[in-house]
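I have placed the structure first, in the form of structure tokens, so that the comments after it can refer back to it.
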Amino acid sequence: MTRFLTTALTTAALGCLTLPSIASAGDVAAGNAKFQQLCVSCHGPGGKGDGPTGLALTAAGQPAPRDFTIGEFTIDADKDGTAGSDSDLKDVITKGALVFGGSPMMAPAVGLSDADLDNMIAFIRSLKE
Ligand code: HEC
């Protein structure tokens, strides 16, 4: 398992060096597990933005949690002209949307490792239909 993880992480690191924004190198299953712990109340188990808090926000006229099955992102956190790169998603997840002009309801998630972030981003991208 450790060897597997080391290999996976090394592959992930090399992947980041050679393919900066094309592919997420994370583990979709591990990302799903974290997502179900931390993000479902708003984004819903399948990432459609239909968790109970997400539905309440939408009903109250607040910005809806992003529907990840559409696969479109709006926040260009690193201001490189492209929204929704891995770097943008990491910034939104760790710093929240408010500092980038978005909803305060998308609050910063604390205590996530780089691997957690890579995995969650891989999961989020896997939801695109
Ligand atoms: C309390 C509700 C809530 C929770 C919990 C929440 N989000 Fe969100 N999320 C939102 C809302 C609302 C938006 C839309 C923000 C906007 O449009 O300004 C959003 C947007 C996003 C976006 C889209 C950014 C973009 O550029 O379009 C991502 C990615 C995201 N959330 C990931 C996560 C992850 C990962 C978690 C768990 C660690 C999480 N969210 C937890 C409410 C939430």
Residue hits (the range 56-66; surrounded by fewer than 17 Cβ atoms within 10 Å (Cβ to Cβ) and assigned to a helix (DSSP H, G or I)) are A56, T58, A59
Those residues of the range 67-89 which are within 9 Å of the ligand (Cβ to nearest atom), free of Cβ contacts under 8 Å to residues at least 40 places away in the same chain and surrounded by 13 or more Cβ atoms within 10 Å (Cβ to Cβ), in sequence order: F73, T74, I75, D76, A77, A83, G84, D88, L89
Going through the range 106-129 one residue at a time, which ones are buried (at least 17 other Cβ atoms within 10 Å of the Cβ) and under 20 Å from T69 (Cα atoms)? M106, L117, D118, N119, M120, I121, A122, F123, I124, R125, L127
Just one of G96, G84 is modelled with pLDDT of 95 or more, in contact with an Asp or Glu (Cβ under 8 Å, 6 or more places away or on another chain) and under 20 Å from G54 (Cβ atoms); which is it? G84
Quick one: in the range 39-55, of everything that is buried (at least 17 other Cβ atoms within 10 Å of the Cβ) and in a helix (DSSP H, G or I), which residue is nearest to the ligand (Cβ to nearest atom)? C42
How many residues of the range 95-120 are closer than 20 Å to P45 by Cα, more than 8 Å from the ligand (Cβ to nearest atom) and not in a loop (DSSP other than H, G, I, E, B)? The answer is 4
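The values are calculated or read from the model by the stated rules, or taken from the named source; none is laboratory data. These numbers come from a predicted model, not from an experiment. Here the Cβ is made from the backbone with ideal geometry for all residues, glycine too, and neighbour counts use every protein chain on show.
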